[in-house]
1. Pairing the Cα long axis of helix 69-92 with the longest principal axis of the chain, what angle in degrees results, from 0 to 90 and rounded to the nearest 10?
2. With a Förster radius of 25 Å, plug the Cβ-Cβ distance of Ala61 and Ala16 into 1/(1 + (r/R0)^6) and report the FRET value to the nearest 0.05.
3. May I ask for the net charge around Gln28, where only other residues with Cβ less than 13 Å from the Cβ of Gln28 are counted and Lys, Arg are +1 while Asp, Glu are -1?
4. Label the chain by shape, choosing from rounded, prolate and oblate, from the square roots a ≥ b ≥ c of the eigenvalues of the Cα gyration tensor; if a/c is under 1.5 it is rounded, and otherwise prolate applies when a/b is larger than b/c, oblate when it is not.
5. Over all distinct alpha-carbon pairs, what is the Kirkwood Rh of region 112-204 in angstrom?
6. If you average the alpha carbon positions of region 1-44 and of region 225-248, how far apart do those two centres end up, in angstrom?
7. I'd like the per residue volume of the convex hull spanned by the Cα atoms of region 297-408, given in cubic angstrom.
8. Given only helices, namely DSSP H runs of n ≥ 4 each adding -39500 (n - 2.57), what is the per-residue ellipticity at 222 nm of the chain, to the nearest 500 deg cm²/dmol?
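Values in this text are rule-based calculations from the coordinates and carry no lab data. Bear in mind the structure is a predicted one, so any value in this text is a computation, not a measurement. Please note: Cβ atoms are built from the backbone with ideal geometry, for glycine as well, and neighbour counts cover all protein chains shown.
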Amino acid sequence: MTPANRFLTWSALAAANTLNAHKPFARQGPGSVLSFAAGWPTSDLPYLSIGAHALGVAVAARRGVLKTPQGVAGLALTGASIAGLISLRQLMDQAEPIVEDALRSELGDDYRQHLAEAVETARPTFRAPRVPSPKVRKAYVRGEHISYADAGRRTTLDVWSRPDLPTERKAPVLLQIHGGAWVIGDKEGQAYPLMTHLAERGWVCVSVSYRLSPRATWPDHIVDIKRAIAWVKDNIADHGGDPDWIAITGGSAGGHLSSLAALTPNDPAFQPGFTDVDTSVQAAVPFYGVYDWTNREELGHAEMLDFLADRVVKRPLTDSEVFESASPMSRIHGDAPPMFVLHGANDSLVPVEQARRFVELLREESTNPVVYAEFPGAQHAFDVFDNPRTSATVRGVERFLDVARAER
């Protein structure tokens, strides 16, 4: 292939991926995974893609490719792609008003007058690193790989807090559950923007690993989360946290587990051997979670049911009670804690329609606030990297939790 044809091919593929980031090519079937894999970094880091485009054009110009018909066509495609990437970046700026409107709609126009007093003021000269990196852990992790159960490294947690704050405090606590389709993932690398933001403001954050399938079988995963909550209530005071005020969060599978844990306090089926332990939490913030394991109303991926049956639950779908009991959508009740549900409109892995329906059902039953924010142009895992949308999101989550703290 000639350099001119290579440039044209590269430009066409890049333009197609930008289009996929705007509107995923597939939201059902195996292609949805590919749509996510290609569209996620493009939609979350559009300026990085623009830089790649500029580099490609510079290389093509140096080789004289732009003087060929293929080069001209490639340059036109690159220009269109860059325009699309700029549009994706502009969509991020909508996050701030989207979050604010969501909070006002559910909590009232005057909700800012009812925020709990700030735990601490962020250090004015300190810029917290928010991308997943060892520097983040070094800056905030005060207790590392602490065992909360007896399954080795999979049942350990890290405690995050500002190093300059004393442990003789009662700071609110955020419990973070990682995602990974219940089969991969770790407590390291997810939700760093949110945890660093809250830690800077005096919160104590706890990131948790849990047993994974196929070695683990449902409900091992949620049992571990319940044990982690129990550990926090018994031990977090030693780290400056308040055992009586715990919020739970997580993304994807973590969104499923955090919402399910919030909706099933003290459920003996999920607390074998520790049924007398209080596992209630005061608020929940699930990100792009899976809220239904039965695919009711066909609001999820049909392929996920077979995956869950084969790899996670290891029981046939005809055992419907197991899948129903594992579905947050089936566990909604009037005493559900305050929830802030967040989802990307372009999510290729967990359709946004499922989150919308979950919120509808919650609002019908719950006596507590249910805030919902949906972000245009956002893919699955939209909060991993620090960008304007993520920054607006974490500030909004903080305000939501401050209202929940004030009311409790």
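1. Result, in degrees: 30.
2. Working: r = 22 Å, r/R0 = 0.89.
The formula returns an efficiency of 0.65 here.
3. Working: positive: Arg27; negative: Glu298, Glu303, Asp347, Glu353.
The answer is -3.
4. Numbers: a/c = 1.86, a/b = 1.50, b/c = 1.24.
Verdict is prolate for the chain.
5. Numbers: mean 1/r = 0.0690 Å⁻¹.
By the Kirkwood definition, the hydrodynamic radius is 14.5 Å.
6. Distance between centres, Cα-based: 43 Å.
7. Details: hull volume 13.6 nm³, N = 112.
Cα convex hull per residue, to the nearest whole number: 122 Å³.
8. Details: 13 runs with 177 residues, N = 408.
Computed mean residue ellipticity for the chain: -14000 deg cm²/dmol.
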